[in-house]
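Below is one structure; the comments refer to it alone.
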Amino acid sequence: MPQLQYQKIVFASGLRVPKEKREPNLHYYDVSHEDGSFRPVMVAKLLTINHLGTIAVKKPLSLKTGGNYLYLTEAQKDAILEII
C-alpha cells in the first residue's frame, strides 16, 4: 500500500465505512475530492460532502488545519488515487 505522512495506508475503500465495521486498532479518515473532479484534496476525520473514499492507518495522522483536516501533497493525492 502507498504511504501517507510517513506511514502506510493499510486499508482503502471507495465507500464510507460504517463505524461498526471498522477495526478498533486502526484510525479511519474520509478522503475529500476537489469540486468538479475526483482528485483527492484532503483527509479528515469526518466529511459530509465531496466524499471520495475512506482510508485507514495504524497511527493517527497529524491533522494540522484546526485539528480537522490534512491537505494532501501531490504525491499523496496520486497514492490515494492508485488504491481507491
Quiz item: Does L4 satisfy the criteria of being in contact with a His (Cβ under 9 Å, 6 or more places away or on another chain), among the hydrophobic types (A, V, I, L, M, F, W, C) and modelled with pLDDT under 90?
Solution: no
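For region 59-69, check the following and say yes or no: at least one residue is in contact (Cβ under 8 Å) with a residue 24 or more places away in the chain and not in a loop (DSSP other than H, G, I, E, B).
yes
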Quiz item: Before we move on, is T54 part of a loop (DSSP other than H, G, I, E, B) and polar (S, T, N, Q)?
Solution: no
Quiz prompt | Criterion: closer than 16 Å to K8 by Cβ and not small (G, A, S) - qualifying residue of Y69, Y28 | solution = Y28
Exercise. Pull up region 1-37, narrow it to residues that are touching a residue at least 40 places away in the same chain (Cβ under 8 Å), touching a strand residue (DSSP E or B) at 6+ places or on another chain (Cβ under 6 Å) and hydrophobic (A, V, I, L, M, F, W, C), then point me to the one that is surrounded by the most Cβ atoms within 10 Å (Cβ to Cβ).
Key: V31
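The values are calculated or read from the model by the stated rules, or taken from the named source; none is laboratory data. Everything numeric here is computed off the predicted structure, so don't read it as measured data. Ideal geometry is used to build each Cβ from the backbone, glycine not excepted, and the neighbour counts take in all protein chains shown.
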